[in-house]
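The values are calculated or read from the model by the stated rules, or taken from the named source; none is laboratory data. Keep in mind it's a predicted model, so treat the numbers as computed, not measured. FYI the Cβ positions are ideal-geometry reconstructions off the backbone, even for glycines, and counts take in every protein chain you see.
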Amino acid sequence: APDSAMRVLQKMYNVNNRENVSECPIKHLDERNICRPKSPTKRTIRNLILKVYVQVYILFRPPLLSMTLLTTLVTFSNMFGYVHIFKVSTYIAYCNHQHFRYYGMGLWLPELLNRRNENASLTTTLNTNGAACLPEFDVKLYENTIVIGIVALFSNLLAGWLSDKFEKRIIPLVTLLVGGISTGCMYWVNSPLQYLIASCIFQSTMSISNIALGSVVVDLFPTDVNAIAICTAVMAGRVGA
């Protein structure tokens with residue numbers, strides 16, 4: 001009934017905008033203008049592929065093209081190498097040839113922490129001269145990885161609380177800025193503890209920004225394509241990761 005639908009719309013307006021229901025721009029519903037749903041189209045693989053193609057086509061043409069490129073670039077850059085902190089193997093940690101550098105900052109955090117005691121800088125690489133990797137490992141390598149991972153886990157829980165306290169677009173902006181500053185601080189810290197703190201801040205802020213970016217992307221696109229938009233952005237992020 002129109003009255004029931006009107007109450008639902010007013011409640012949605014109140015929850016989403018945190019304003020009184022009297023401010024809702026929709027004042028009444030006319031039942032005569034209600035469109036009756038069409039008979040459902042037969043669900044086939046061809047129709048599904050066609051529907052996806054149409055939505056992707058809308059994303060990659062004006063006026064949504066610029067927004068699509070921006071969101072995919074941000075998620076790609078943000079997740080570039082981020083998840084590799086959980087994939088650090090002892091082989092990479094001790095045989096870091098130059099062709100591994102493209103994995104990103106997250107991959108090298110445990111190794112950089114481990115090598116601070118050896119007076120190695122961020123630009124120092126091992127001269128292996130064809131030597132095989134040593135089978136011994138430093139336990140600190142795993143301890144640092146676990147600490148950073150635990151801090152990042154709690155930051156995921158914090159992201160849910162922050163989403164109710166601040167505007168959605170502010171959260172990724174601030175967290176990405178703080179993450180960039182913490183990365184720059186890694187060049188000037190003097191102790192392993194300071195380096196670990198900067199690394200934890202970096203991973204935590206990147207984790208929060210990843211979650212916040214998803215909610216921002218959904219709000220930036222029309223309802224009929226926001227699902228495929230978030231899928232495209234996440235896919236770009238996974239490619240970067």
Q: Exactly one condition in (1) part of a helix (DSSP H, G or I); (2) at pLDDT 50 or above; (3) closer than 22 Å to Phe202 by Cα is not met by Lys51; state its number.
A: (3)
Q. When both residues are 6+ apart or on different chains and their Cβ atoms are under 6 Å apart, which pairs have a first residue that lies in the stretch 140-161 and is polar (S, T, N, Q), and a second that is surrounded by 15 or more Cβ atoms within 10 Å (Cβ to Cβ) and assigned to a helix (DSSP H, G or I)?
A. Asn144/Pro110; Asn144/Leu113; Thr145/Pro110; Ser155/Ser204; Ser155/Ser207; Ser155/Ile208; Asn156/Ser207
Q.
Being in a helix (DSSP H, G or I), of a type in the set (Phe, Trp, Tyr) and over 18 Å from the mean Cα position of the chain (by Cα): is that true of Tyr187 here?
A. no
Q) What number goes with the only condition from (1) at pLDDT 85 or above; (2) more than 11 Å from the chain's Cα centre (by Cα); (3) part of a helix (DSSP H, G or I) that Val147 does not pass? A) (1)
Q. Mind checking whether some residue in the stretch 231-241 is among the polar types (S, T, N, Q), within 30 Å of Arg61 (Cβ to Cβ) and buried (at least 18 other Cβ atoms within 10 Å of the Cβ)?
A. yes
